[in-house]
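The values are calculated or read from the model by the stated rules, or taken from the named source; none is laboratory data. Worth saying up front: this structure is predicted, and the values here are computed from it rather than measured. All Cβ positions, even for glycine, are placed from backbone atoms using ideal geometry, and neighbour counts span all protein chains on display.
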Amino acid sequence: MSKRSSSARGGAPEIGRRNFLKGAGIAGAAALATPASANTTLAPSPEPRPKAEVPGPKLAAADAMPPPADPVYQTTSGGDFMVDVLKTLDIDYLAMNCASSFRGLHEAIVNYGGNTKPEILTCPHEEIAVHMGQGYAKIEGKPLAMICHGVVGLQHASMAMYNAWCDRVPVIVMGGNIIEANKRAPGAEWPHSAIDPAALTRDFVKWDDQPTSLQHFAESAVRAYKISVTPPMAPVMLSLDAELQENPIENRDALRIPKLTRATPPQGDSAALAQLAKMLVEAENPVILCDRMARTPAGMPRLVELAETLQCAVIDNFGRMNFPSRHPLNQSFRRSIIASADVILALELNELWGTLAEFHDRIMRTSEPRYKNTAKIVTLGTRGLYMKANYQDLGRYQEVDLDIAGDAEASLPALTEQVKRLLDEGRKSAFEARGKKLAAAKNATIEQARSDATIGWDSSPITSARLCAELYNQIKDEDWSLVGTSIRLAWPHRLWNFDKPYQWNGGSGGGGVGYTLPASLGAALANKRHGRLTVAIGGDGDFMFVPATLWTAAHHKIPMLYIVHNNRAYHQEYMYLQAMAARHGRGITSADIGTTIKDPFVDYATIAKGFGVYGEGPISNPNDLAPALKRAIAMVKSGQPAVLDVVMDQR
């Protein structure tokens, strides 16, 4: 492989392979290459949008005419009161695809509420609306609301609701409905209404209700918000009758909006925490596992304090931004150390058995534990406090020695204090020696990742490792936030320096395709007011489910760099089909049927331009990557969304 020090086309320098191997700045203060000055970087000019044709005289006159007069003039509506309620709940946005079943609330938000708190986010699909809420909540720490049309809109929203449920993320879902049969108009209102709309999603919401009065709505809305943000968090749903939204308020003075008092997250039992502290201090090789532990910015520093007090290994499943990626105690890519652990502490782990087992999916499905049979296993979290029976997102049952029910983030200060009380100089010395060994192993892991990343450095299609290295080279000095990656893309966590709570927000939860683009946009919306540079890397198959998300990005001017990891296949399924064919000795030459995205290839940059978003690509020459990234980042820093279509290796 040849060494290349700069792009053949000028602009941002690409990373030479030898410089990369020398460890030139993949993390910390050193830089992979000197980024161009922000003062000299000019955002590329977006292509001018075609102007709409001027309507003819008849159409213009029709648009200007008011609708036929309503026989009943009213100054207030139930929707107005609903807006008053929503404003007390600190809901900044209401995502929707407009529909008649909630026209009353829609109009009240716009004209009575001034389209602020909540502000309407126009989404071309209900799945986009919910996933935006999922991404937004994980960055901003509070839910947004969405509303959908009857049972048909709810069915569109349900996939994203399920992802949010599995991800334990609060989203306030509302749906329009017409309860009374004698009030439904002939035609669409009948198939779009239901006696119990929430029945569609009851197995993956934490709570739901269908208010029958405005006072009922006020109390249920406050209750729904409170339930959704109390750990374990999850979506909630309210079905809103159309007449309740639209009809006049009979006696406004009789209505009362309850005060929202958020529940204090439950802490683990003090005696159980003391028992756990004793186990951790006496252990020779304790290991901490974490997944969806950090629910606020306080989570990561609390876990760092506990780990540093013990000088023990931490393995992160990346459900949230739990632990700094470059911390010497971060052993996430050395999971073999589980085999030597004598105490294993699992914090808010989504699937403990899957983390502690080696699973083999070849011919016959087999598994064996990664841990020794003398190891003590302790769980601390809220995962087991609220479950449903039908959907099996809870994982296989894992035997443990101590199960402490309580919010892990809230319980960590008490646990750490208990650990510190038990320390003496002898233990501190032993812990220090243990920490030094872990730090040395961490450094070796980093160097191995750098070496692995250079494999196929100059290849086309572009390798995932090179994309991640080139991208980090250009954003590492910015206030960046990575809010989504394609399936199993671990290179950022191997190569980048994650050390701020908002620099990562986890995955989809349920693995439902179509999450990454809209959830990344929701996270970008949350990052926008903080001035952060939002980036995401999403699969091409995922993009194909919800490309209209880009229109919402352009319409609401939400800055985000979205890189399409374009391997032109549903590659996980492509590999599974190869494995099935090989198992039967039938050859793998037909594995592309039903698993690839070709004939024709998709031009994602052109799709982006069609939605009014800056787009560039497809990029297949690795020497073109760095300049394209530079142009796209400049566009995002100017306040606009941008899409790069990068033709990449299959995995």
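Scanning region 284-305 for residues that are acidic (Asp, Glu) and over 17 Å from VAL378 (Cβ atoms) gives a single hit, GLU305.
Conditions tested, residue by residue: (1) crowded, with 20+ Cβ neighbours inside 10 Å; (2) of a type in the set (Phe, Trp, Tyr); (3) over 19 Å from ASP167 (Cα atoms).
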{"residue": "SER325", "(1), (2), (3)": "yes, no, yes"}
{"residue": "ILE337", "(1), (2), (3)": "no, no, yes"}
{"residue": "GLU351", "(1), (2), (3)": "no, no, no"}
{"residue": "TYR391", "(1), (2), (3)": "no, yes, no"}
{"residue": "LEU394", "(1), (2), (3)": "no, no, no"}
{"residue": "ALA405", "(1), (2), (3)": "no, no, no"}
{"residue": "ALA408", "(1), (2), (3)": "yes, no, no"}
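Would you kindly identify the strands (runs of 3 or more DSSP E) lying entirely within region 303-405 that contain at least 2 residues that are touching a residue at least 12 places away in the same chain (Cβ under 8 Å)?
Answer list for region 303-405: 313-316, 343-347, 357-362, 376-381, 402-405.
One residue alone among ALA414, ALA410 is over 17 Å from THR230 (Cβ atoms), of a type in the set (Gly, Ala, Ser), in contact (Cβ under 8 Å) with a residue 24 or more places away in the chain and assigned to a helix (DSSP H, G or I), and that residue is ALA414.
Against the test of being over 17 Å from the mean Cα position of the chain (by Cα) and assigned to a helix (DSSP H, G or I), the options VAL151, VAL130 yield a single qualifying residue, VAL151.
The lone criterion from (1) in contact with a Pro (Cβ under 8 Å, 6 or more places away or on another chain); (2) modelled with pLDDT under 95; (3) farther than 23 Å from MET648 by Cα left unmet by ALA582 is number (1). From the list ALA218, ALA194, ALA164, the one residue that fits, being closer than 28 Å to ALA389 by Cβ and assigned to a helix (DSSP H, G or I), is ALA164.
Only residues that are outside any loop (DSSP other than H, G, I, E, B) and not hydrophobic (A, V, I, L, M, F, W, C): list them for region 198-215, please. Within region 198-215, ARG202, ASP203, ASP208, ASP209, GLN215 qualify.
The residue that is farthest from GLY141 (Cα to Cα), among those in region 288-303 that are in contact with a Phe, Trp or Tyr (Cβ under 9 Å, 6 or more places away or on another chain) and surrounded by 24 or more Cβ atoms within 10 Å (Cβ to Cβ), is ILE288. Taking region 245-269 as the range and being touching a Pro at 6+ places or on another chain (Cβ under 7 Å) and crowded, with 20+ Cβ neighbours inside 10 Å as the test, no residue passes. The set of residues in region 626-651 being closer than 30 Å to ALA591 by Cα, of a type outside the set (Val, Ile, Thr) and surrounded by 19 or more Cβ atoms within 10 Å (Cβ to Cβ) consists of LEU644, ASP645, MET648.
The set of residues from region 569-621 being acidic (Asp, Glu) and surrounded by 19 or more Cβ atoms within 10 Å (Cβ to Cβ) comprises just one member, GLU616. Within region 461-472, one or more residues are polar (S, T, N, Q), at pLDDT 95 or above, assigned to a helix (DSSP H, G or I) and touching a helix residue (DSSP H, G or I) at 6+ places or on another chain (Cβ under 9 Å). With the structure loaded, tell me whether SER429 is crowded, with 18+ Cβ neighbours inside 10 Å and of a type in the set (S, T, N, Q) or whether it fails that test. Judged against the criteria, SER429 is not a match.
Give VAL281, VAL229, VAL304 a once-over and let me know the one that is over 28 Å from GLU432 (Cα atoms) and at pLDDT 95 or above.
VAL229
How many residues does region 476-502 contain that are buried (at least 22 other Cβ atoms within 10 Å of the Cβ) and more than 19 Å from the chain's Cα centre (by Cα)? Number of matching residues: 1.
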